[in-house]
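One structure is given below, encoded as structure tokens.
The values are calculated or read from the model by the stated rules, or taken from the named source; none is laboratory data. Not measured: the values here are computed from a predicted model. Here the Cβ positions follow ideal geometry from the backbone for every residue, glycine too, while neighbour counts run over all protein chains shown. Accessible surface is based on the protein model in full, side chains and every heavy atom, while ligands, DNA and RNA are left aside. Shrake-Rupley method; radii C 1.70, N 1.55, O 1.52, S 1.80 Å.
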Amino acid sequence: MGDEVQQLTRAFSGTVSICHRNETCFDRSIILQLLLPLMPSLIIISCDDQLNAKRIEGLGGLGVDEPTMVSALARWRKQPEKRSGFRKGFPGFFKSHGDIDRCEEEYMLHLAAEFARFKNLMVLWAMHPWERDARLAHHVLHQHHPPAILVEVASTRSADELLGARRAYHQLFHHSLEEDVAYRAKDKPYCNLLVGLVSAYRYEGPRVNEEVAREEAKALGAAVKSAAAGGKKLAAVAENGEVVRILTTRSKPHLVETFKYYKEMHGRRIEEDLVGHGHGEEEETLVETVLCLAAPARYFSKVMEGALRDGADHHAKEALTRVAVTRSDHDMDEIRDAYLEQFGVKLEDAIAAKAHGHYRDALLSLVGAHHQQ
Amino acid sequence: MATNTVSQVVPSAEDAAALLKAFQGWGTDEQAVIAILAHRDAAQRKQIMLKYEQMYSESLMQRLQSELSGDFERAMYHWMLDPVERQAVMANAATKCIQEEFPVIIEIACANSSAELIAVKKAYHVLYKSSLEEDVAARTTGNLRIACLLQLLLALVSTYRYDGDDVNMGLANSEAKIVHEAVSNGTTDQEELIRIVGTRSKAQLNATFICFKDEHSTSITKALPHGADPTGYLRALRTSVRCLADANKYFAKVLRNAMRDSGTDEDSLTRVVVMHAEKDMKGIRSAFQRRSTVSLEEAIAKETSGDYRSFLMALLGS
């Protein structure tokens with residue numbers, strides 16, 4: 001086995017951390033160049049060009065084609081000149097450094113990220129859902145990531161699942177989830193909303209008081225109108241006590257009814273009224289909350305689409321693993337339907353087109369598709 | 001530790017029969033009822049209720065409510081409920097007139113362990129088809145004056161505190177400062193204070209209270225402004241701090257206040273005795289005795305009378 005490939009393998013196994021850099025710099029041409037030399041067919045040995053072209057196009061960096069790479073390892077055995085040719089054909093990633101072509105950090109980290117995707121998926125999948133949610137929440141809080149993931153965990157889990165996650169959080173981190181959220185978000189306008197969301201232990205039965213739902217739809221409408229009219233940022237809505245109260249204490253069936261009345265009264269869905277008023281963290285947190293509570297399948301399908309887009313950033317791609325693993329046992333069927341409705345393409349086809357190797361196969365099994373490659 | 005003594009041997013069928021006998025004829029043999037029911041634990045009481053209904057095709061609860069009256073009846077009604085349901089029922093009643101009865105909610109939220117509070121909330125879901133949080137929070141509608149009070153109540157009720165003993169002294173110090181500032185502000189800018197009291201673990205809060213006392217040579221409750229308290233927020237804050245710091249001492253104080261010379265507050269008396277008789281009444285009794293010249297039983301004997309008194313005494317184990 002070649003030593004640089006050994007180096008690569010060693011770098012990717014064990015405790016490799018994912019590259020946190022924004023990967024939009026890795027545009028498609030670079031990705032093509034990156035994987036091109038690893039397809040032995042295209043440089044040295046003739047092979048089925050069509051098959052390889054299919055593998056390369058639209059990569060966007062979502063996993064690596066392990067079988068092909070492994071066969072490259074075998075074929076390039078004892079042929080250092082081929083590997084040298086590979087490095088030279090690749091000035092973006094290997095800088096000439098005297099006699100050797102030094103590997104650029106970015107290349108290493110990028111490939112590490114690609115190999116790590118599959119590993120992370122397996123680790124996340126194997127964990128107990130409560131521990132998984134607790135770790136996700138902790139990660140958000142201590143890495144200062146945007147609160148979207150926290151909103152997602154708090155709003156899309158059932159009352160008992162959220163409680164279990166909070167219990168796991170106690171055991172893992174010796175604090176309660178709400179105290180950490182309250183502490184980290186204390187200066188943000190959406191602090192009360194977030195604390196309320198993670199502390200919620202909603203009634204789960206179907207009984208809904210129609211009168212109250214109607215009243216609350218009116219109150220929500222008034223809050224949105226007053227924020228828009230006053231020229232204030234929509235953050236004012238997130239701070240509005242009534243809005244926070246309604247969103248963080250009412251049961252989900254009640255909220256579905258409330259949003260239904262909202263649409264009847266104001267002609268538009270509440271998320272449409274909230275979106276498009278700026279893209280600050282505050283606005284997004286509120287919009288995400290409403291989406292997660294009102295239509296989680298639509299929310300998740302949007303997140304998936306964001307991950308499968310060209311030029312998706314690192315967080316967006318991580319979301320693909322997270323959503324596939326966490327929703328696989330729950331509402332994945334609804335998410336697939338929503339995806340088809342919103343984007344006109346089957347979710348499994350989009351994944352198959354963008355992802356590669358074992359990572360792709362794992363995603364497809366989680367998504368519940370029976371896609372034939 | 002519980003104070004009421006429980007007999008293990010009597011089968012529920014026998015108890016049910018004895019109760020029926022006590023109900024028959026003119027009037028009720030209240031002493032017989034007390035002699036049985038005050039000396040049964042929650043599981044046994046449930047069995048008796050089932051057996052009674054099975055044997056005589058009527059609800060024991062309803063029969064008791066029709067046979068008994070006044071404070072005695074109210075006490076017995078609450079006593080017969082399952083302990084977790086009892087708290088849910090009391091919490092629900094309190095949400096209906098929240099500005100007067102909020103101490104009940106605070107007691108339930110702060111004196112219970114995290115797991116016990118969750119059990120109460122689960123029972124609440126089943127009984128009232130809504131959550132305790134939403135019923136507490138919904139009181140704000142049209143009543144923004146008490147928004148601060150309700151924010152505190154909601155925070156106390158929603159939290160799922162960490163149960164462990166880990167304490168971060170640096171944090172306790174910094175939060176004691178924040179608390180001091182909020183306390184000096186009166187009733188404005190209370191968000192930080194509510195956040196701390198509503199989310200930190202009890203161990204952490206106690207450390208914070210101690211730091212406060214060390215720094216300012218007075219406890220938080222004494223540092224809070226006395227006097228005008230139109231919304232009840234200050235009283236709620238005082239109640240929650242006391243309850244979180246030392247629940248037994250707090251309940252002993254409630255009992256003392258209930259039995260002050262100017263008439264007895266039977267509701268509070270019943271509530272404390274019935275809710276804690278099979279839980280931690282012994283601790284409350286010791287706390288009461290520490291600051292009183294008479295024992296708890298003597299005080300109750302002096303301030304109450306009749307079957308109500310007998311019932312309370314039985315629950316206290318005398």
Subject >> Prolate/oblate/rounded call for region A:245-373, Cα gyration tensor, a/c under 1.5 rounded >> reply: prolate
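Once you list every other residue whose beta carbon is under 12 Å from the beta carbon of B:Ser66, what net charge do they have if Lys and Arg are +1 and Asp and Glu are -1?
Details: positive: B:Arg63; negative: B:Glu58, B:Glu67, B:Glu73.
Net of charged neighbours comes to -2.
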**OP:** May I ask for the distance between the Cα centers of region A:171-221 and region A:127-153, given as a whole number of Å?
**Re:** 16 Å
Original post:
So what's the net charge close to B:Tyr52: Lys and Arg +1, Asp and Glu -1, counting the other residues with Cβ under 9 Å from its Cβ?
Top reply: -1
Subject >> Sites A:Gln171 and B:Leu171, calculated FRET efficiency, Cβ-Cβ separation with R0 25 Å, nearest 0.05 >> reply: 0.80
Subject >> Shielding of A:201-211 by partner chains, average beta-carbon count, 10 Å >> reply: 4
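Quick one: ranking B:Asp41, B:Asp29, A:Asp331 by accessible area, 1.4 Å probe, largest first, what do you get? Mind dumping the intermediate values first?
Details: B:Asp41 50, B:Asp29 75, A:Asp331 25 Å².
Ranked from most to least accessible, the order is B:Asp29, B:Asp41, A:Asp331.
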Subject >> region B:1-55: trypsin sites (Lys or Arg not before Pro) in DSSP loop, at most 12 other beta carbons within 10 Å >> reply: none
Original post:
When we measure straight from the Cα of B:Lys21, which lysines land under 17 angstrom away, once same-chain ones fewer than 8 places off are left out?
Top reply: B:Lys51
**OP:** Rounded to the nearest 0.05, what FRET efficiency do B:Leu50 and B:Arg256 give with R0 = 30 Å and r taken as the Cβ-Cβ distance? Could you check?
**Re:** 0.20
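Could you sort the peptides B:6-19, A:297-310 by per-residue average Cβ neighbour count (10 Å cutoff), highest mean leading? Before the final figure, lay out the partial values.
On the way: B:6-19: 14.9, A:297-310: 20.9.
Going by the mean number of other Cβ atoms within 10 Å, highest first, we get A:297-310, B:6-19.
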Original post:
For chains B and A, what's the summed buried accessible area, probe 1.4 Å, to the nearest 100 square angstrom?
Top reply: 2500 Å²
Original post:
Can you list the trypsin sites (Lys or Arg not before Pro) in region B:209-248 that are in a DSSP coil and have 14 or fewer other beta carbons within 10 angstrom?
Top reply: none
Original post:
Ignoring any ligand, DNA or RNA, what whole percent of the accessible area of region B:83-151 comes from carbon and sulfur when the probe is 1.4 angstrom?
Top reply: 58 percent
Subject >> Loop-resident sites, region B:281-318, for trypsin sites (Lys or Arg not before Pro), counting at most 16 other Cβ within 10 Å (DSSP) >> reply: B:Arg291
Original post:
In straight Cα distance, which aspartates and glutamates are under 12 Å from A:Lys95, not counting same-chain residues fewer than 8 positions off?
Top reply: A:Glu104, A:Glu105, A:Glu106
**OP:** Output the pairs from A:Lys82/A:Lys317; A:Lys119/A:Lys354; B:Lys202/B:Lys222; B:Lys282/B:Lys302; B:Lys122/B:Lys282 with a Cα-Cα distance over 22 Å in this structure; if there are none, say none.
**Re:** A:Lys82/A:Lys317; B:Lys122/B:Lys282
Subject >> Unpartnered cysteines - no second Cys beta carbon under 4.7 Å - across chain B >> reply: B:Cys97, B:Cys148, B:Cys211
